[in-house]
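Report on one structure; see the data block that follows.
Laboratory data are not the source of any read-out in this text; all were calculated from the coordinates shown. These numbers come from a predicted model, not from an experiment. Virtual Cβ from ideal backbone geometry, glycine too; neighbours counted across all protein chains shown.
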Amino acid sequence: MRYISTRDLESRQVGFSDILLAGLAPDGGLYLPVDYPQLDRATLAEWRQLLADEGYAAVGHRVLGLYIDDIPSDDLLGICRRAWNGQVFASDDVVPVTRLPESGDDAPGGIWLAHLSDGPTAAFKDMAMQLLGQLFEYELARRGTTITILGATSGDTGSAAEYAMLGRQGIDVFMLTPAGRMTPFQQAQMFSIDDPHIHNLAVDGVFDDCQDLVKAVMGDAEFKQRHRLGAVNSINWARVLAQLVYYVVAWLRVTESDDEQVSFAVPTGNFGNICAGHIARQMGLPIKHLVLATNENDVLDEFFRTGRYRVRSAAETAATSSPSMDISKASNFERFVFDLLGRDPARLRKRFVDQLGSDGEFDLSATAEFATIEQRFGFVSGSSSHADRVMTIGAMAEEGVLVDPHTADALRVARDHAGAEPMIVLETALPVKFAETIVEATGVEPQVPERFAGLLQAPRKVDEIANDAGALKEYIAARV
């Protein structure tokens, strides 16, 4: 299995272990496999039995094995077992699924919740980060080298990455956060970590500013090589690949036959989570629709409705009650547009380098590809407001199910696209991370899991930094 850049300036093909440590391609593009392996009914039937017999990690090993051929299979299985087990997550199922109460169910196939938030930091990001931590440690030991992780977070990526990398040999982490834009719980999870290899930086700006800083520093080839920079954001292909596994497992758990279709509803801002669903569908997993849900920052919903992709300014990016989706520049969207445009790097560069660089937007509404986007790729979309979130959380709580605001956004949009097939909503986080909105919706404080007792009162360690790539480079250089 070889990988190419979406911008393909050098037509280079590389292996998985190289792109694992590199993150962003040298030409500024994102890595994708040369082609997507295809699933047939016999393979899905085999995986169904494997899930029943050996569990989540065993299926994950088979899925990852389609894309990773430069790590011995037995070693890869060990990595999967260490990442996904009942000691790291709340149960041996790792990703349980439950059908929501009938009184809140508008679809004959049922609306289901895939529980992705039972990991160490109570967010779906743990599903990928736990694997990434194991992969990094393995590959660094194999090469006898170190890595400096540079990332940006709008809420949950940062804490999931830091907990996954904490204590691992040869790894330093520098994580950028938008100052004042995360919930108190999210801030406490990150800033309470006191470790000389974990560095939290508060940037005066929004998440997109943090993400732009990461890309700017990563784009300095000499600095990147000298300090051995790597990425944990979803620009790293391994993150997307890890997320692909839970689409397969959720489908297996909800269906009974190997050709039964489902739809997935996914709250998204950076297009990473739903990008994994796109790849699963391209591989042949029987997915009818990928229901993309945004909050008031509706850049992606606007594209799928109109064909126009328009990046918002920092002033236009609203601070909402589902803050992990307060994003106006979706990094992984480039991977989808590459596929949409027939994997033509010249057409891709015209949009993401030329037009976005000069105009801050591009428009595909007149293209033949956009006209068939639902038929070919299964995408439909919608947006949700604060009032929608509060109403959905309150209604679900009355049925005995408490969800976080991002999951509520997905539930709200999912109901607009419910059909005869099962609709699987991907959970984002446990409600405790967004207590203020939960109290507004239900009048009751969400239960705090025992492992988080006292977290909000813990001392915090965070440095403020200017929204400037030069200042960030100086900070990193002084500490590694």
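Please give the charge dipole size of the chain, origin at the Cα centre, charges +1 on K and R Cβ atoms and -1 on D and E Cβ atoms. Round to the nearest 20 debye.
In debye, rounded to 20, the chain gives about 1020.
For Gln38 and Thr306, FRET efficiency with R0 = 41 Å and r from the beta-carbon atoms, rounded to 0.05?
0.80
Which one of Leu472, Leu50, Leu131 has its Cα pushed farthest toward the positive end of the charge dipole of the chain, where Lys and Arg give +1 and Asp and Glu give -1 at the Cβ?
Going by the Cα projections, it comes out as Leu472.
Please list 206-217, 357-368 highest first by mean number of surrounding beta-carbon atoms within 10 Å per residue.
Final packing ranking: 206-217, 357-368.
Once R0 is set to 25 Å, what does the formula 1/(1 + (r/R0)^6) return for the Cβ-Cβ distance between Val353 and Arg226, expressed as a FRET efficiency to the nearest 0.05?
0.45
Taking Cα atoms of region 179-296, Rg/Rh with Kirkwood Rh, to two decimals?
Ratio of gyration radius to Kirkwood radius for region 179-296: 1.06.
For Ala478 and Glu316 in the same chain, what is the full-extension length gain: residue separation times 0.36 nm, less their Cα-Cα distance, in nm?
Extra length available between Ala478 and Glu316 comes to 54.9 nm.
Can you find, among Ser263, Phe223, Asn273, the residue farthest towards the positive end of the dipole of region 206-316? Put +1 on the C-beta of Lys and Arg, -1 on that of Asp and Glu.
Toward the positive end, the furthest listed residue is Phe223.
Assigning unit charges at the beta carbon (Lys, Arg +1; Asp, Glu -1) and nothing else, what dipole magnitude in debye, to the nearest 20, does region 289-402 show about its Cα centre?
Dipole about the Cα centre, nearest 20: 480 debye.
Can you tell me the length gained on complete extension of the stretch Glu361 to Gln447, counting 0.36 nm per residue apart and subtracting the Cα distance?
26.7 nm
Taking Cα pairs under 8 Å and at least six residues apart, what relative contact order does the chain come out at, in percent?
Taking the mean separation of contacting Cα pairs over the length of the chain, I get 20 percent.
Can you spot the lysines whose alpha carbon is less than 16 Å from Lys433's alpha carbon? Ignore those fewer than 8 places along the same chain.
Lys125
Mind checking which of Phe379, Gln457, Ile438 is farthest towards the positive end of region 366-475's charge dipole, using Cβ charges of +1 (Lys, Arg) and -1 (Asp, Glu) about the Cα centre?
Value computed over the given set: Gln457.
How much mean residue ellipticity at 222 nm does the chain get from its helices, if each DSSP H run of length 4 or more adds -39500 (n - 2.57) and you divide by all residues, to the nearest 500 deg cm²/dmol?
-12500 deg cm²/dmol
If r is the Cβ-Cβ distance from Ala368 to Asp194 and R0 is 51 Å, what FRET efficiency results, to the nearest 0.05?
E(calc), rounded to 0.05, equals 0.40.
Expected output is a single nm value to one decimal: the length gained when fully extending between Gln375 and Asp468, i.e. 0.36 nm times separation in residues minus the C-alpha distance. What is it?
29.2 nm
Take peptides 446-455, 60-69 and line them up by average Cβ neighbours within 10 Å, highest first, as a rough protection proxy.
The peptides rank, most packed first, as 60-69, 446-455.
Taking θ = phi - 60°, what integer Hz values does the Karplus form 6.51 cos²θ - 1.76 cosθ + 1.60 yield along region 329-342, in sequence order, with x for Gly and Pro?
Calculated HN-Hα couplings, in order: 9, 8, 4, 6, 4, 4, 5, 5, 5, 4, 5, 4, 8, x Hz.
When ranked by the protection proxy of mean other Cβ atoms within 10 Å per residue, highest first, what sequence do the peptides 417-427, 458-468 form?
So the order, starting with the most tightly packed, is 417-427, 458-468.
In whole Hz and in residue order, list the ³J(HN,Hα) couplings for region 449-462 that follow from phi through the Karplus curve 6.51 cos²θ - 1.76 cosθ + 1.60, θ = phi - 60°; x for Gly and Pro.
For region 449-462, the Karplus-derived couplings read x, 4, 5, 9, 4, x, 4, 5, 9, 6, x, 10, 10, 8 Hz, x marking Gly and Pro.
Where the only charges are on Cβ atoms (+1 Lys, Arg; -1 Asp, Glu), what is the dipole of region 104-221 about its Cα centre, to the nearest 20 debye?
That gives a dipole near 320 debye.
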